[in-house]
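Encoded as structure tokens, the structure appears first; notes follow it.
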Amino acid sequence: MQKTGLYALLAIVIFAVIFAFLPGADRSGPRTGATLQGVELRLYPARDADAVWSFAARNVTSDPVSNETQLTGLSNGQRIIKERNAAGQLTGRSVLDATLEAPDLTIDGQDDMTTGQARITLVSQCADIDLSGTPQQPVKIEQGYGFSAPVAEIQSPNLSGHAEKLRMSFGFVIEDSDNDHSSISFDPDATETCRDGQRVAL
């Protein structure tokens with residue numbers, strides 16, 4: 001009986017080894033999610049009800065286990081917001097608030113977005129903000145608030161400079177930065193202003 005059991009165990013091991021090396025055998029473990037190619041998508045953040053993000057992406061991979069969506073080959077990143085009048089009432093129109101350029105983007109379950117580097121342009125201020133991050137501290141875009149990054153370069157008609165540990169709102173307000181390693185200056189004698197999303201000479 002002992003020999004029979006040993007032979008049976010040996011046969012199972014041999015079968016497992018042969019199966020593992022069969023062509024097309026998947027040895028990477030179970031996979032989840034789906035990948036789409038050539039996608040245009042919109043994101044409706046729950047924490048930013050007046051905003052809609054739109055993107056075009058070469059590849060979109062969604063993983064329901066990690067609750068993350070990854071976009072690569074990104075283009076045409078835009079933040080559109082519902083327009084409100086001075087009384088805070090919706091006008092029924094939508095306006096382009098910001099554009100986003102990044103090589104890739106990860107969207108988590110809270111609709112927040114991270115990437116290694118990005119350029120955000122705040123349209124109404126004609127402000128270009130180049131953001132740089134690291135794998136440990138990526139560029140982060142927080143819905144309903146703004147964005148943060150370890151390093152940022154800011155260019156606008158009257159405000160420019162270098163900032164570290166920057167945290168800024170979509171309203172172009174610097175909420176936090178490392179003052180000891182940042183040099184941001186306001187130019188009261190600026191020769192340009194922002195008008196309808198375009199820089200124009202004064």
State all residues of segment 185-196 that are in a loop (DSSP other than H, G, I, E, B) and closer than 27 Å to residue 150 by Cα; if no residue qualifies, say none.
187
Output for segment 144-165, where each listed residue is closer than 19 Å to residue 124 by Cβ and either surrounded by 16 or more Cβ atoms within 10 Å (Cβ to Cβ) or under 20 Å from the mean Cα position of the chain (by Cα) (or both):
144, 145, 146, 147, 152, 154, 156, 157, 158, 159, 160
Tell me the residue from 125, 89, 78 that is open to solvent by 60 Å² or more (accessible area, probe 1.4 Å) and at pLDDT 95 or above, please.
78
Could you tell me whether any residue of segment 168-184 is touching a residue at least 24 places away in the same chain (Cβ under 8 Å), open to solvent by less than 30 Å² (accessible area, probe 1.4 Å) and either assigned to a strand (DSSP E or B) or touching a His at 6+ places or on another chain (Cβ under 7 Å) (or both)?
yes
Listing of strands (runs of 3 or more DSSP E) fully contained in segment 65-153 that carry 3 or more residues being aliphatic (A, V, I, L, M)
68-84, 90-101, 117-122, 127-132
When segment 156-202 is checked residue by residue, the ones that are under 30 Å from residue 47 (Cα atoms) and touching a Cys at 6+ places or on another chain (Cβ under 9 Å) are 156, 194, 195, 197, 198
With respect to the numbered conditions (1) closer than 19 Å to residue 143 by Cα; (2) open to solvent by 30 Å² or more (accessible area, probe 1.4 Å), which one is the sole condition not fulfilled by residue 120?
(2)
Return yes when residue 94 is in contact (Cβ under 8 Å) with a residue 40 or more places away in the chain and polar (S, T, N, Q) and no when it is not.
yes
When you check residue 81 against the structure, is it touching a residue at least 40 places away in the same chain (Cβ under 8 Å) and closer than 17 Å to residue 45 by Cβ, yes or no?
no
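The values are calculated or read from the model by the stated rules, or taken from the named source; none is laboratory data. This one's a predicted model, so the numbers in the text were calculated from it and none came from an experiment. Virtual Cβ from ideal backbone geometry, glycine too; neighbours counted across all protein chains shown. The accessibility values were calculated without ligands, DNA or RNA, using every heavy atom of the protein model including side chains. Shrake-Rupley method; radii C 1.70, N 1.55, O 1.52, S 1.80 Å.
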